[in-house]
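Here is the structure we will look at.
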Amino acid sequence: TMPERQFLPADQCSISNKAFQVGEELVYKIYYNWNFIWMSAGELTFRVRDAGSRYHITAVGSTYKSYDWFFKVRDKYEVYLDKATLLPVSSSREVEEGGYRLYDKLTFDQSARSVTSLRGKTREVAEATEYQVVPCMHDILSIVYFTRNLEFEKMAPGTPVPIRIFIDKKVWPL
């Protein structure tokens, strides 16, 4: 007989932070593969700051100036997490990739199960829309820090870890 498979509840609404701390900075180098040549193209930097009852987390990615002629990237993601739950209170994305531009500021109301998005090509032309969401909603950056606190060593191999994020005007179950 097959052992019963464990599942982590997707609606887990709170987790204690044991995985990261204020002042943490992670820098990733980004490479582009052109046939068999790997070219160093840019960097992505994650930072954690203290904001009272919240964590202020940023992820800033950009191509190196010497690579900009090929495809210029200047992306900034930011989230404020409730320290007690690690759920997002607000987040924003400012994306500049080649000729593509996007500004999207999300305000989460976890108790009302809603997300208000102020979205447009730029902050100046962004329009507000409210969306109804499922409980315990995350954004693309908050889920990274929430998931870092899961106790994977206590899970059986193959245990599914369902997550849900709100991005691009909808809930994505992953």
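The values are calculated or read from the model by the stated rules, or taken from the named source; none is laboratory data. All figures in this text were calculated on a predicted structure; none of them were measured in a lab. We place every Cβ from the backbone using ideal geometry, glycine too, and count neighbours over all the protein chains shown. Surface accessibility is based on the protein's heavy atoms, side chains included, excluding ligands, DNA and RNA. Shrake-Rupley method; radii C 1.70, N 1.55, O 1.52, S 1.80 Å.
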Original post:
Given only helices, namely DSSP H runs of n ≥ 4 each adding -39500 (n - 2.57), what is the per-residue ellipticity at 222 nm of the chain, to the nearest 500 deg cm²/dmol?
Top reply: -1000 deg cm²/dmol
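To the nearest 0.05, how large is the calculated FRET efficiency for Phe70 and Leu26 if R₀ is 25 Å and r is the Cβ-Cβ distance? Don't skip to the end; give the middle numbers.
Details: r = 25 Å, r/R0 = 1.01.
So, using R0 = 25 Å, E works out to roughly 0.50.
Is the C-alpha gyration tensor of segment 91-161 telling us rounded, prolate or oblate? Criteria: a/c under 1.5 is rounded; beyond that, a/b larger than b/c is prolate, otherwise oblate.
Numbers: a/c = 3.61, a/b = 1.73, b/c = 2.08.
The shape class here is oblate.
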**OP:** Place a label point 7 angstrom from the Cα of Ser90 along the Cα-to-Cβ direction, then list the residues of segment 30-67 whose backbone nitrogen is under 18 Å away.
**Re:** 49-59
Original post:
Ranked by accessible surface with a 1.4 Å probe, highest first, in what order do Met155, Met137 come?
Top reply: Met155, Met137
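Report the net charge of residues surrounding Glu24, where surrounding means a beta-carbon distance below 12 angstrom and charges are Lys +1, Arg +1, Asp -1, Glu -1. Spell out each step's value before the answer.
Working: positive: Arg47, Arg49, Arg148; negative: Glu25, Asp50.
Charge balance near Glu24 sits at +1.
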**OP:** May I ask you to give the percent of accessible area on segment 1-111 that is carbon plus sulfur, with a probe radius of 1.4 Å?
**Re:** 54 percent
Original post:
So which of Lys65/Lys105; Lys18/Lys83; Lys72/Lys170 end up more than 21 Å apart, counting from Cα to Cα?
Top reply: Lys65/Lys105; Lys72/Lys170
Original post:
Calculated FRET efficiency, Phe36 and Tyr100, Cβ-Cβ r, R0 22 Å, to nearest 0.05?
Top reply: 0.20
Subject >> With DNA, RNA and ligands ignored, accessible area of Asp82 (1.4 Å probe; Å², nearest 10) >> reply: 60 Å²
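Once you list every other residue whose beta carbon is under 13 Å from the beta carbon of Val89, what net charge do they have if Lys and Arg are +1 and Asp and Glu are -1?
Every neighbour counted, the sum reads -1.
Let me know the whole percent of all Cα-Cα pairs from segment 56-174 that are separated by more than 24 Å. Could the numbers behind the result be given before it?
Details: 2413 of 7021 pairs.
Tail of the P(r) past 24 Å holds 34 percent of the pairs.
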Original post:
When the solvent-accessible surface of protein heavy atoms is calculated with a 1.4 angstrom probe, in what order do Phe71, Phe36 fall, highest first?
Top reply: Phe36, Phe71
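Please identify every one of the GluC sites (Glu not before Pro) in segment 114-168 that sits in a loop by DSSP and has no more than 12 other beta carbons within 10 Å of its own beta carbon. Write down the numbers at each step before the final one.
Numbers: sites: Glu124, Glu127, Glu130, Glu151, Glu153; in loops: Glu151.
Within segment 114-168, the qualifying GluC sites (Glu not before Pro) (loop, at most 12 other Cβ atoms within 10 Å) are Glu151.
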Original post:
When ligands, DNA and RNA are left out and all protein chains stay put, how many square angstrom of accessible area per residue does segment 1-124 have with a 1.4 Å probe?
Top reply: 64 Å²
